[in-house]
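Below is one structure, written out as structure tokens, with a few remarks after it.
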Amino acid sequence: MAQSFLPDHLTGLLAPLFDAGWQALPRTQQPLLGAGSVAMLVVLQRSCMVLGVEYGAGDGFDETLRFVPALSLLDQPEDGIGLFDMVTKASEPIASSHGLIPVVVRDVAAPLGLLDPTRIRLAADTDPAAAKGFMNRLYHGYVGRVAARFRGGPTITALKALDADEAYGSVVQRVAHDAPGVMPDPVLMAATHGIVLHCWRNTALEDVHAGGQIISQVAMAKLNIVTTKAVRPYLTTKGVDWNGVCAVLLDPERSIGRDDGASVGELLGEDWPLVQNSVASSLADWQHIERVAGPEATLRLLSVAGSSAFTERWWGTGWWPRFADQVYDHVRHAFPDSLPPAPDSDTDGIYRLELQQLLRDEPETLPDDALEALLYPPDQQGLAHAELPEIPVQVMQPQLVDWQQAASRAA
């Protein structure tokens, strides 16, 4: 692993970033501060974005961490893409005298867009020649060339073989169309959303749901969440364990989070074989993509697939905790009677805090009526329709190079 040279504690602390596709570069500075103390500047890279992590710990002072620009420490590659800072100014330091834990790092990293695939737009004054085809270059560099390395042999031969694969080309075109401006980063949660969207939700299951008689909006919301949580363990930075994913999605006995404890097979009844066959077909399509393009390229494509407007309101995005808090506070104040009443003994508001925490972390465990109130309050400013928190977008200015020559040199 690229981060194997880091201290074990720091590797664990940055685990949320590594799961989001960031890798530590060997260029790591470690000033000597004396016995019992350490200060490090770790440089991370994900696709063409770079991020500095300043870390300090030792006797007599807090353990601290902050995110800083790091582009000035690296040489620009001649690949027709270049490198860009993920943050343009240092973040507020995270500090603890009791030691930091990964969940704290996650909560700070998420609002900065570090845990979701990078969203980009080009600066208004970008040279038109530099802007032309920039997203295509990203796909060529971080999907096409990754797939070519997997296939082996001359790069141009591998790329021609990929171009000739109709299914591969169709998937690339589809995900790029559905999620414009999303960089093909290998983000595990986003890739999980991609699997759930393409291999579960957008199958015959959606047709059954559209009928409105079998699967309610609340049941579908819970089904999405429990399916996401069940699939997620089968994705690692090495790729997708398709055997595990298939076992989850094709299991009729799987619980769906309903109050009555029904399984997916019981919920769908006579429609289950139709859904099962449709899901199996979609899974086979993506397994074909992995056979021709390899696990990393597939992970990157799934990550983009899970980062479209279709999944922006799903549990598991980096902005979900802020969105959940925003909606919960609105419903609690505007329509308090729609939420389950607190016990008379709850004088400290603990029950309210527990409901809010469940919405953040385990919304599938909420009572059906509570989740419905949060999805569809009378003013429609709930989880289904309320405005999302601001999602970070990187304003980028591509370098002006002859990218075809650069690609030829890289080959």
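The values are calculated or read from the model by the stated rules, or taken from the named source; none is laboratory data. For clarity, every value in this text was computed on a predicted model and none was experimentally measured. Note: ideal-geometry Cβ built from the backbone for every residue, glycine included; neighbour counts use all protein chains shown. The accessibility values were calculated without ligands, DNA or RNA, using every heavy atom of the protein model including side chains. Shrake-Rupley method; radii C 1.70, N 1.55, O 1.52, S 1.80 Å.
Structure summary
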quantity: Calculated [θ] (222 nm, deg cm²/dmol) that DSSP helices of n ≥ 4 give over the chain, each run adding -39,500 (n - 2.57); calculated: -12500 deg cm²/dmol
quantity: Cβ-Cβ FRET estimate between A262 and Y351, R0 fixed at 25 Å, reported to 0.05; calculated: 0.40
quantity: Sequence-distant residues sharing a close amide H with L100 (under 5 Å, placed H); calculated: none
quantity: Alpha-carbon gyration tensor eigenvalues x 5, square-rooted, for the chain, Å; calculated: 36, 31, 19
quantity: Accessible area in the full protein assembly, largest first, 1.4 Å probe, for R46, R332; calculated: R332, R46
quantity: Convex hull projection area averaged over all views, region 86-140, Cα basis, nm²; calculated: 5.6 nm²
quantity: Linear extension gain, F5 paired with A164, 0.36 nm per residue minus alpha-carbon span; calculated: 53.2 nm
quantity: Mean shadow area of region 181-226, taken as a quarter of the surface of its Cα convex hull (nm²); calculated: 4.0 nm²
quantity: Rounded to whole Hz, the Karplus (6.51, -1.76, 1.60) HN-Hα couplings of region 271-281, x for glycine and proline; calculated: 7, 4, x, 4, 5, 4, 5, 5, 5, 4, 5
quantity: The chain - accessible surface per residue (Å², probe 1.4 Å); calculated: 47 Å²
quantity: Whole-angstrom gap from region 45-81 to region 181-197, using each part's C-alpha centre; calculated: 23 Å
quantity: Most mobile listed residue (A110, A20, A386) in the chain, GNM with C-alpha springs under 10 Å; calculated: A386
quantity: Kirkwood hydrodynamic radius of region 207-319, Cα pairs, Å; calculated: 15.3 Å
quantity: Length gained when the stretch Q76-Q287 is fully extended (0.36 nm per residue, less Cα-Cα span); calculated: 72.4 nm
quantity: Calculated from backbone phi, Karplus (6.51, -1.76, 1.60) coupling profile of region 72-83 in Hz, x at Gly/Pro; calculated: 5, 8, 10, 7, 6, x, 9, 10, x, 10, x, 10
quantity: Linear extension gain, R360 paired with S37, 0.36 nm per residue minus alpha-carbon span; calculated: 112.7 nm
quantity: Estimated distance in nm for a label pair at Q397 and S216, the labels positioned 7 Å out from Cα along Cα-to-Cβ; calculated: 5.5 nm
quantity: For region 125-139, 3J(HN,Hα) per residue [Karplus equation, 6.51 cos²θ - 1.76 cosθ + 1.60, θ = phi - 60°, Hz, x = Gly/Pro]; calculated: 9, 5, 4, x, 5, 6, 6, 4, x, 5, 5, 4, 5, 4, 5
